[in-house]
Amino acid sequence: MSSHRKTRTTPGPLTRRAVRIGLFAAGVAGAATAVPAQAATAAPHAAVVSDHVFSHADRGHHTEIRDSFTVRQFGTVNAAGVRNQANAVSAGCSADDHCRSVALSFQIVTIAGEHTHLNAVNLSDAANKECTGCQTLAGAYQFVVSTPTALRFDRATQNKLDDIHRRLDALTRSTLPADELRTKADGLAAEVTAVLHDAVANAPKGDPAKDVTLHRHLDGWPGH
């Protein structure tokens, strides 16, 4: 489930609407984790989350396809660091015996507060290592929902997201060519955005145009 690594610090407070894309320390990258800085209480707290999808194909395992679809609802926070990353590698195959490596990561994060410090990172990287004719694709889609008051998805919203998740799983397992796979992944991302817009529109003081932000990064995809 998937690595460009740099470090950058956020120099000052960001309002909830000023989404700053930067990298927190390289050690944060890892398997999907959600680590509140304090125990969850009614009081505002800080939260850090990292979701990482990695796929690797080679002569011993010609095809590897992985995806992740995570929903993180943090409530009211003073600060949040959110990272989403997809990495795909193909190694050592040939044009006559090529590999296929696909990594897709969809991350949804909700936070609330009027003056939240937010550091959002979204990365993808696809690498062919001595792999002629291999198909290596990595896509990272990060959805940040920032509202004045805490937003919790109702059952109808969660059911819609679960359905998109199932279709992402099916898409990742498909043998579609890269350009068609990218188009369908973008279509699923558009559906997620629409679901989030509807959820925010029904929330107190919600403004879908300002409260939902999509970060999209693709690597190894032809024609993008």
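The values are calculated or read from the model by the stated rules, or taken from the named source; none is laboratory data. Bear in mind that the values here come from a model prediction, so they are computed numbers and not experimental data. Reconstructed Cβ throughout: ideal geometry from the backbone, glycine too, with neighbour counts over all protein chains shown. For accessibility, only protein heavy atoms count, side chains too; no ligands or nucleic acids. Shrake-Rupley method; radii C 1.70, N 1.55, O 1.52, S 1.80 Å.
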Study note, to complete from the structure: Per DSSP, the loop-located trypsin sites (Lys or Arg not before Pro) within the stretch 95-193 having at most 14 other beta carbons within 10 Å are R152
Check your understanding: Given q = 0.13, 0.20 Å⁻¹, what are the Debye log10 I(q)/I(0) values for the stretch 119-224, with equal point scatterers placed on the Cα positions and solvent ignored?
Key -> -0.57, -1.08
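So if the hydrodynamic radius of the stretch 134-190 is defined as the Kirkwood radius over C-alpha pairs, what does Stokes-Einstein give as its diffusion coefficient at 25 °C and 0.890 mPa s, in µm² per second? It would help to have the intermediate numbers written out before the result.
Details: Rh = 13.4 Å.
The estimated diffusion coefficient comes to 183 µm²/s.
What accessible area per residue, rounded to a whole number of Å², is obtained for the stretch 51-130 using a probe radius of 1.4 Å? Mind showing how you got there, number by number?
Details: 2780 Å² over 80 residues.
Value returned for the stretch 51-130: 35 Å² of accessible area per residue.
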